[in-house]
Each structure stands twice: as structure tokens, then as C-alpha cells.
Amino acid sequence: MAKPATLSEERTVAAPEAGRTPGPVLRKAAGPATWADERVGAAGLGKFFLRKVFPDHWSFLLGEIALYSFVILLVTGVFLTIWYKPSMAEIEYEGSYQLLRGLAMSEAYESTLNISFDIRGGLLMRQVHHWSATLFVAAMFAHMLRVFFTGAFRKPREINWVIGVALLGLGVIEGFAGYSLPDDLLSGTGLRFVDGLVRSIPVIGTWAEFFIFGGEFPGTLIISRLYMVHILLVPGLLLALIAAHLALLVYHKHTHYPGPGRTDKNVVGYPLYPVYMAKAGGFFFIVFGVTTLMGAFMQINPVWSYGPYNPSQVTAGSQPDWYMGWVEGAVRIMPGWESHWGSTTWSWNVLLPGVFLLTLLFVILGVYPWVEAWLTGDKREHHLLERPRTNATRTAFGVAGITCFIMFMLGGGNDILATQFRLSLNAISLILRVAVFVAPVLAFIITKRICIALQRVDQERLLHGSESGIINRSPVGGYSEDHLPIADGEAYTLISHNEYPALEDEEGVSERQKKARRWFYGDNMSKPTRAELEAAAHHAADHSLEGHGSDGHEIEESRRPALTGGKDGDTAQDDVTTQDGDGDQR
């Protein structure tokens, strides 16, 4: 019998695979990272946030510009706060600006001059701060237009839309408060304009003025009160709303534009780390650099040219910042209507275009998501954006609103238009009184027809393909052009527009809602059926093969972008991440 083999008591362990050795930075960060993970679960949070997918489209940068401008505002605002004096106490100026020496002015205006001329870098910081404020409101305005025209406010993002409207309103208030702090003649003129708006409010207008200004205009307290609002109250509200806005953005996940592989149940884009983090960080410094260059080379708000505020004087040709110009334009072109009821005077020429119109704008913006949901009867969740042309009525509404805004802006500069173009000021005002009603209606009709025409172009391209440039002559003398099928990626984009479900309700649907829905999107082109698409594809293939001797490469080449990650197939790229509704990535 053979002797049994000797067994070793030592276990055989496979040699570990060679892995990447952490660098010195990661080795140093391992200790703090482990400490944080053991106490607050930082690893789980980091895994969730660092792998969050962000779509890659230029229009999403508009919101980032607003966010980065706000950060720049905070940084430059801290610098200005150190030297600014929020006091209306009257002193005699003895600073370095020779033309104003010996002139009586408030301490607020004097400190603004000192920041501009005596503090190193003060003028640059002032102008960067002012440009950032203007850019902040402009970026929010453009961002809201992008959200509106693409339908990103629909369920479940109605609350985030309302937060955005509140941010826009607070941004306007914050900008106006900061604009008034220097206490120069131009900002005082704007403050007097707002005083007129407040006093036009029926019954309580006078009491509201006394409450705000601490007495009759201008009083001695308004600068210190605006200072408190500007550096404490409104910035705190803005920070809270921005945090809520970003939290809801993470909770709801990002919207994305139609394209191959993109649905309401996933997000296609790049992860936060490392791709998007690097891009966002670089973009922040680009915004910071651009605003710094603007502050260095583009003069804005030269308060030394206006002089200190004097209630008996008004700067000729004065214009407010652009976000308040439309309100002033509405007041300027409004007829001088007023009513006398008992012992009260109702100034409709200020109340309607100023207080009422400004309030009406934000109310309409705030409730619009629910109005459109009622019109369409659509209660579904939407994470896939619409192209503006696919919702013609909404796009027409937006363009009509922009047109009305432009008319009011022109009214705000009617004196500048009259002097520069040698026109009659009264004639400009009369024309704008009509144009403010007629121009938006014309813009609505024209925009809607353009959108519907573009829908027909898309459907024609989808069913019949793109022009080949080859003209054939028939035996009877007619001419026709061959068409080639479009790429799969483009076809997917053209066909992925939203169609609303039939109106259903347990209590029935009112006839008014049916008519409103029919008016809202009844003219939109319907999606082609599957049979129509298949018939069009077969017809295009047969026609391209038989019409001009093609060997089939045209069709193959037309499909290539969708397969190789080209312009119409960007989701096929290796470094693009898809995240489904549950947060899983692939």
C-alpha cells in the first residue's frame, strides 16, 4: 500500500493582485475621511453626491452664472461693508476728490467716495460688485426663460419654480437697495420714484411711506434701514431659498433634453466627480474673471459725477438699472388718470403701471405651472424637456411677454430716444401706449405660426428625410429632389415631443376646460404613427436606391452618428453616464 502524502498544516493563500498605490494626497486624506465616515457616514453621502449625473448642455450654465455671481456679490460685499458708513448725518467733504471738496453731503456718500478714491482697490471692488449684481439678476431672468420655454417647471418642479420666482423678486429688491446706498443724486432720484409708488397705494400709502422712511421723504433713517435690508435680511433669504432650490434640484434629479436613450426615467450626462466638478470650478473662475474685467475696464455708476442727493434736483436723462427700467417705462407712458373719492385721491397713473403691474407679473409667474396643468389636464411627472417649437402656445406667450417688456423698456428711455433721434417725446409716448397692447398680440400670432411651421418642417424631415441635392427630371418634364433618411439620433429627437392624455375626471370635464385645451395646443402637429414611420423609411430606402444609382452607403452613413457618438448620438460616448430614477448608474 502506498504511503500517504505528507500534508502541510499551512494554508495556501493566493497572492493579492497588485493594485494602484494611493498617492501622497490620498494617503494624507485617508485619516480625516475615515474619521468623518465613522461619525456622519461621509462615504455614503460622498458616493451619492460625487456620482450624481449632470446633463451637458450650454443652457444649464445660465443657472450657474447666477449662482457664481451671487458668490462674487458676497465676497465683494464683505469688502465694501468694512468701509461703508450707513449714515445720513451731514458733513463737509474734505476728501481727495477736488471737485466736491467743501460740499455738504451725507456720511454714506462720503464713505462711497472714500472707497472709490482712497481705499486701495476700492473702486474696482465697487464696480465688480455692481456688475455682479446686474449679472445676477440678468442670469436669473435668462435661467427662468430657459425653464419656461422648455417646460422644466412642470410636475414635480412647481415648488422649485415658485422658489425661482421668489429669488428673482428678492434679487430685484436687493439690487435696488444696494443701488440706493451711495446716497448720490441718481440713486436718490430712484428712491423718490419708489416713494411715489408707495404713496399711490390707496388708503395706506401715506402711512406706508412714514413707516418706511421714518417720516416724510427723505427722512434721516432710510439709508440705515436699506443697509440692514441689503446686507442682512435679503441676503439671508436669498441664501435660504438658494439652498432650498439646490436641495429640490438634487431630490427631483436633473431634467435633460430629448435625445437617444433619454427618457423621463433616467438622466444622461457626466458625474459630478471628476468631470462636472472640474468644469464647474473652471466656469466659476471664468465668471469671476469676466466680472473683474468688466469692473476694471467698463465704468458703471460713477457717483462722483452725480453729486450728493438733493430732493429739489433731478439728474437729466437719469435711467435706473435695467431690471427696474420697465416699471419706470410703464409709469411714463401711462396717461395722467386720477380719481377723487371723498377726501382721497386715487392716482391710477402710478398705481396701475407701478404697484399693480409689478404685483401682477409675479403672481402670473408664480401660478403659471398650475394654470398650464389645468389647461392641458396633464398630471404626469416630466423630466424630459420640450423644445420650444413643440409647445407653440407657451412659446408664443413667452415671446409676447418679452415683447411687452421691451415696449416698457423703450418707454423708460423715451426722453433719451427723443433727444438722440430728434423725435417728439409726446409722439413716442402715444405710440408706445398703443404698441404695448398691439405688439405682444402680433408677437404671439407670429411666434405661434413660426413654431407650427417648424413642427411641420420637422415632421416632413422625419417622414421624407433630408434633401440629397440631386434633382431628377420626370418623362413629362417635372422636377423632383431625392431625399435621404435622417440619422436615428435626429429622428429620436424629432419624435420625442410630449402629447397630452385625454381629459379624464370622475366628476366630468367642463366644456370651458375642453375649449381652453383645444386652444392651447390644438394646432400642434401630432406624432407620426409607427405605420407612417415604417412606410416612410421603406419609401426613402427604395427611392434612394432606385432614384440615382445609390449602393446603400448613403443610408449607412446617415445612421453612423447615432452609433458612434457623434452629434446626434452623444449618449453612445464611453464617458457619458446614465442614471436611472433609482439613482443606479451604468
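Among the residues here, Glu158 qualifies as among the acidic types (Asp, Glu), touching a helix residue (DSSP H, G or I) at 6+ places or on another chain (Cβ under 8 Å) and surrounded by fewer than 21 Cβ atoms within 10 Å (Cβ to Cβ). For the stretch 180-234, give me each residue that is among the hydroxyl-bearing types (Ser, Thr, Tyr) and free of Cβ contacts under 8 Å to residues at least 40 places away in the same chain. The answer is Thr206, and nothing else.
Taking residues in the stretch 360-387 that are assigned to a loop (DSSP other than H, G, I, E, B), and partners anywhere that are surrounded by fewer than 17 Cβ atoms within 10 Å (Cβ to Cβ) and acidic (Asp, Glu), the pairs with Cβ atoms closer than 6 Å and at least 6 places apart or on different chains are His383/Asp264. Here Ser111 fulfils each of the conditions (1) assigned to a helix (DSSP H, G or I); (2) within 33 Å of the chain's Cα centre (by Cα) apart from (2). Screening Val363 on (1) buried (at least 18 other Cβ atoms within 10 Å of the Cβ); (2) at pLDDT 95 or above shows it passes everything except condition (1). Answer yes or no: is there a residue in the stretch 105-119 that is touching a residue at least 24 places away in the same chain (Cβ under 8 Å) and within 30 Å of Leu246 (Cα to Cα). Checked the stretch 105-119: no residue is touching a residue at least 24 places away in the same chain (Cβ under 8 Å) and within 30 Å of Leu246 (Cα to Cα).
Taking (1) small (Gly, Ala, Ser); (2) under 20 Å from Ala66 (Cβ atoms); (3) touching a residue at least 60 places away in the same chain (Cβ under 8 Å) in turn, Ala177 satisfies each apart from (3).
Can you tell me which residue in the stretch 41-54 is farthest from the chain's Cα centre (by Cα), limited to those that are buried (at least 20 other Cβ atoms within 10 Å of the Cβ) and either of a type outside the set (Val, Ile, Thr) or assigned by TED's automatic domain parsing to the domain that holds Lys279 (or both)? This residue is Lys52.
The criterion of at least 2 residues that are within 19 Å of Asn310 (Cα to Cα) and either touching a helix residue (DSSP H, G or I) at 6+ places or on another chain (Cβ under 6 Å) or not small (Gly, Ala, Ser) (or both) is met, among helices (runs of 4 or more DSSP H) falling completely within the stretch 189-272, by 205-213, 222-228. Residues of the stretch 479-535 that are closer than 25 Å to Cys451 by Cβ, modelled with pLDDT of 75 or more and among the aliphatic types (A, V, I, L, M): Ile486, Ala487, Ala491, Leu494, Ile495, Ala516. Of the residues in the stretch 414-433, not one is buried (at least 17 other Cβ atoms within 10 Å of the Cβ), at pLDDT below 95 and under 24 Å from the mean Cα position of the chain (by Cα). For Arg461, indicate whether it is under 18 Å from Met334 (Cβ atoms), part of a helix (DSSP H, G or I), of a type in the set (Lys, Arg) and in contact (Cβ under 8 Å) with a residue 12 or more places away in the chain. When the stated conditions are applied, Arg461 does not pass them.
The values are calculated or read from the model by the stated rules, or taken from the named source; none is laboratory data. None of the values given here were measured: they were computed from a predicted structure. Virtual Cβ from ideal backbone geometry, glycine too; neighbours counted across all protein chains shown.
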